[in-house]
Each structure stands twice: as C-alpha cells, then as structure tokens.
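Beneath this line is the structure, given in structure tokens, with notes to follow.
What follows draws every value from the coordinates through simple rules; no lab data is involved. If you're wondering where the values come from, they're calculated on a predicted model, not measured in any experiment. Cβ atoms come from the backbone with ideal geometry, glycine included; neighbour counts cover every protein chain shown.
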Amino acid sequence: MTKDILQTSALLLEHGKETIKRFDESYKQSGGKYNVFKIANISTDEVKTCKIIGDLLDTNGCHCKGDYFLKHFIEILNENAHSSIIVTFGSDKLLILLSENAVPPIFIKLFPTIPIT
C-alpha cells in the first residue's frame, strides 16, 4: 500500500512539473507574467502606479506616442462596458462607461484631440 502511495505521488509530481513547464512556456511566449510594477517594487504603491498609468494615458506623456495608449485603453473599456455615453461640457468631453462589473460608473475625461468612434 505504501508503495502504491509513493508511486501515485511520484506520478502526480511529474504531472505537476509538466503542467508548470507548459504554463512557463506559454508565459514566455505571451509575456503574461511580466509586471513592470512588481519589478520596480511599486506594485502596492498606488500613487507611483497611478503616475505611470497617468503618463501613459496622457496624449502629451513622456512616451511620445500621442493618443496610442489612451485609444487602446478606451477600446478595452468599451469592450467590457454594456453601454457608454459621451457628455460634452464646453470644450471638455467626458466618456461615461456603464458596466455590470463597475459600480459606480467609470468616468474618463477626454481631450479634444481624441476622436471616439
């Protein structure tokens, strides 16, 4: 009986190693485990994390990519929202995303240079 338990345990460990190896290969290909915030040791520092995200979403940010990151961010939000509303206040635009998963709604100030389709 002890021999059976040891053999079964060995098979389970081997299966576990193979599963981990497959996931590691998948992560290497997709970059899914890469977390710049964790690497910089700021993953729990909300202020620093928000500054980085804020710069990425700023069309005049240090990344020099214009509205690239902001457009993709809004596309992802729109994919996950069940409805959205754009409200204009003078020259300011506000995108309001309504989602079953986001309570309260998400509000995003848009700049005049960002066309929303």
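Side notes on the structure shown:
- Sorting D58, D4, D24 by the number of Cβ atoms found within 10 Å of their own Cβ, with the fewest placed first, yields D4, D24, D58.
- In order along the stretch 21-30, phi translates into HN-Hα couplings of 4, 4, 5, 4, 5, 4, 5, 4, 6, 8 Hz, rounded to whole numbers, per the Karplus curve 6.51 cos²θ - 1.76 cosθ + 1.60 with θ = phi - 60° and x for Gly and Pro.
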